[in-house]
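The values are calculated or read from the model by the stated rules, or taken from the named source; none is laboratory data. The shown structure was predicted, so the numbers you read here are calculated from the model rather than taken from an experiment. All Cβ positions, glycine included, derive from the backbone under ideal geometry; neighbour counts span all protein chains shown.
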Amino acid sequence: MVQELSGQTPERVTASQVRLRPLRMEDAEELAHLETRNRDHLLRGAPARGEAWATPAGQRAAIAQLLAQKDVGACLPMVILLDDDPDAPGRLVGRITLQQIVRGPAQWASVGYWIDEAESGRGATTYALRKIIDVAFEGLSLHRLEASTAVGNDASAAVLRACGFEEIGLAPRMLRLGIAGGGWADCRLFQLIDPRADDGRADDGRDSDVGTASAPDPAPDRAAEASRELRIRDEVPALAEALALYGAVGWSAYTRDPQTLERALAGSTRVVCAREDGRLVGLARVISDGASIAYLQDVLVDPGRRRAGIGRALVLEAFAPFSAVRQHVLLTDAEPGQRAFYESLGLSEAHDVRPPLRAFVRLQP
């Protein structure tokens, strides 16, 4: 369910001022404050909630439930941050969540959001929704998003349309509203399908001189997908099949020098492979001291098996033994899909961290 509150704030924000980051347990107190301050407005278009909902304890319970769902891939809860002051941390002004994530042949999720009434009308909701769309299609490799809004909430309908959603129907008596005596509300239904889903796009075949992570997952053969058995495990593959995989994604910096690739795989702290019916279809590797830093060097997925969630599964498995290591780092190319993919896994660009960080690199000729 989406909720855009009707405020009167003339000053518009820019896209760069609006950021998303994963929901954290420490957000509970601030979210409780926002929920309480916006209670009357939120209840007009939000589901009925218990009395404890807007308390820190209630928010902690809700966050724990969402994080448990996130761990099994069923949702992706994010908060909306607004950067008013470049020298100060972004202010938490709302939430946006991909929920009810469905894999298999459907590959869809519903999206819900709300924003502080004081920030309504500034364009922040539209920018936040556009960013979560990038995460859904580029990062999570979904095919379709769905949203609903109560009849009469024209502000939310306008935000959805501005982001490309089309209205597909009406759901009578879909949602019990939170306002006193609110009863069951009729809701308008919207959907957005990834516009690139059927355009036949393929991997661009670019060389990688750094060995950074590949762009996550475009569309697989759905007809054969159900019959394939996918296994991800800690394994250093044979050089011949590793070369075939690196060649398939166009990483010629490795394939031109097989001995370097062999040494790189053997010297990595952790290598995980994805196999379907025994065939190597993906690989990720981490270099780490095991205590202070874990560096994700490569993530690659066979072009014919992208958009199946393999890249995401590889990253999670590659980092799994390093949960107590403070710094999780990677270097990758600067296309929007890369940022969306890694942000969906809880990583941030160095300049977005508070306090800001700087990253330096020297590439040898």
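On the stretch given as region 55-77, residues that are in a strand (DSSP E or B) and among the hydrophobic types (A, V, I, L, M, F, W, C) total 1. From the list Ile168, Ile101, the lone residue that is buried (at least 20 other Cβ atoms within 10 Å of the Cβ) and over 13 Å from Arg19 (Cα atoms) is Ile101. If only residues of region 126-167 that are in contact with a Phe, Trp or Tyr (Cβ under 7 Å, 6 or more places away or on another chain) and among the acidic types (Asp, Glu) are counted, the one that is farthest from Phe190 (Cα to Cα) is Glu138.
Can you say whether Asp277 is under 18 Å from Glu235 (Cβ atoms), out of contact with any strand residue (DSSP E or B) (no Cβ under 8 Å at 6 or more places or on another chain), surrounded by fewer than 17 Cβ atoms within 10 Å (Cβ to Cβ) and among the acidic types (Asp, Glu), as far as the supplied structure shows? Yes. Scanning region 125-181 for residues that are acidic (Asp, Glu) and out of contact with any strand residue (DSSP E or B) (no Cβ under 7 Å at 6 or more places or on another chain) returns Asp134, Glu138, Asp154. Of all residues in region 1-34, those satisfying the criterion of being modelled with pLDDT of 85 or more, of a type in the set (A, V, I, L, M) and part of a loop (DSSP other than H, G, I, E, B) are Val13, Leu23. Counted as qualifying within region 78-159 are the strands (runs of 3 or more DSSP E) with 1 or more residues that are among the aromatic types (Phe, Trp, Tyr) and under 20 Å from Ala313 (Cβ atoms), namely 108-115. Number of residues in region 24-41 that are over 15 Å from Ile115 (Cβ atoms) and either of a type in the set (A, V, I, L, M, F, W, C) or crowded, with 20+ Cβ neighbours inside 10 Å (or both) equals 3.
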